[in-house]
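For reference, the structure is listed below as structure tokens.
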């Protein structure tokens, strides 16, 4: 979660309404957008950019590692001279697993972005409580 800085000088009246307006403004400025996350997922899921966008670096690198393994292994099997390896079901399994994980990430992405935005709101509310 990013550190949020806000300037109370922008709010002349520190009333409850002023706090709510500042909260909404900060959330709107710092939230993550569903459209951006889905665009990154649809176009560059193999690079894990949709996870990087949400600040989930470990998961992003795990996805990169899996997709490299899932794409390179069948390629190496196909290029090998061994006919038994070329006709291996491992190639099919890895490709189907890659497609399955890609689809799973897409289904789960909506809730990941929503959760990120909810945590952002809570963090801002907590930091505003101490001002």
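The values are calculated or read from the model by the stated rules, or taken from the named source; none is laboratory data. For clarity, every value in this text was computed on a predicted model and none was experimentally measured. No Cβ is skipped: glycine too gets one built from the backbone with ideal geometry, and neighbour counts run over all protein chains shown.
Can you find, within the range 91-131, the residue that is surrounded by the fewest Cβ atoms within 10 Å (Cβ to Cβ) among those that are modelled with pLDDT under 80, touching a helix residue (DSSP H, G or I) at 6+ places or on another chain (Cβ under 7 Å) and assigned to a helix (DSSP H, G or I)? Restricting to residues being modelled with pLDDT under 80, touching a helix residue (DSSP H, G or I) at 6+ places or on another chain (Cβ under 7 Å) and assigned to a helix (DSSP H, G or I), the top hit is 128.
Only one entry of 40, 23, 49 meets the criterion of being in contact (Cβ under 8 Å) with a residue 40 or more places away in the chain and surrounded by 13 or more Cβ atoms within 10 Å (Cβ to Cβ), and that entry is 23.
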